Amino acid sequence: MNQIDLKGRVAVVTGGAQGIGYATAQRMLRSGATVALWDIDGARLQAAQASLSALGTVSTAEVELTDEASVAAASAATLKAHGAIHILVNNAGITGGNGVTWELDPAMWRRVVEVNLIAPYLTCRAVVPHMIRQGYGRIVNIASIAGKEGNPNASAYSAAKAGVIGLTKSLGKELAGFDIAVNCITPATAQTRI
């Protein structure tokens, strides 16, 4: 396993109680980071913290990532617990319903965009000022190949993940002079609980 030196770094992983987020937290802990898991599922957060704590320091925050006040509270709690946030992995996401665009429920469409695109914007908005003040930061946004290609019967998900790619490009250029790198990965299909 490749390992990088993350000793002394604090990483926030959204959607970190399961799936890709959980695996990301494992790798970061094995590389020496302290990890803060932000997730909406309190029971899964507790289980993830219990199993990951064998690898290092893990804190949790139950967060509704589409709510600005909830994100701000999680950010403040993480800063209070660990003194810094060096790394942000915007991993939380939902696929929503499947169907042709004109038959998808508008409420579902909005929720998919809120969770997959608005939430990363809100977490970056909360965390970036701290990264600027400390003169260092790394942000990784998890998009999807659907954001590059546009999957049929998944217009909400595809559009939201395309937005994440655009957000990454804009934010990366805005932060280029602050030693804050912003990158995006676009995985293909992954087997997770949802």
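The values are calculated or read from the model by the stated rules, or taken from the named source; none is laboratory data. Nothing here was measured: the structure is a model prediction, and the numbers come from that model. No Cβ is skipped: glycine too gets one built from the backbone with ideal geometry, and neighbour counts run over all protein chains shown. What goes into the accessible areas is simple: the full protein's heavy atoms, side chains included, and nothing from ligands, DNA or RNA. Shrake-Rupley method; radii C 1.70, N 1.55, O 1.52, S 1.80 Å.
Here are a few things to note about the model shown:
- Alpha carbon centroid spacing (whole Å) that separates region 100-115 from region 151-175: 16 Å
- Förster-model FRET efficiency, 25 Å R0, residue 76 and residue 178, C-beta, rounded to 0.05: 0.75
- Whole-angstrom gap from region 43-84 to region 1-42, using each part's C-alpha centre: 11 Å
- For the chain, the tally of Lys pairs with Cα-Cα distances below 28 Å comes to 8, considering only residues 8 or more apart or on different chains.
- Beta bridges by DSSP in the chain, antiparallel share as percent, to the nearest 5: 0 percent
- Solvent exposure ordering (accessible area, 1.4 Å, most first) of 124, 184: 184, 124
- Gain on full extension, evaluated as 0.36 nm per residue between residue 153 and residue 53 minus their Cα-Cα distance, stands at 32.1 nm.
- Net dipole in debye of region 68-194 [+1 Lys, Arg Cβ; -1 Asp, Glu Cβ; about Cα centre; nearest 20]: 280 debye
- Dipole magnitude for region 45-114: about 260 debye, using +1 per Lys or Arg Cβ and -1 per Asp or Glu Cβ, origin at the Cα centre.
- Helix-only CD estimate at 222 nm, as mean residue ellipticity for the chain, using -39500 (n - 2.57) per DSSP H run (n ≥ 4): -14000 deg cm²/dmol
- Taking Rg/Rh (Cα atoms, Kirkwood Rh) as calculated from this structure, the corresponding entry among [x] 0.96; [y] 1.07; [z] 1.03 is [x].
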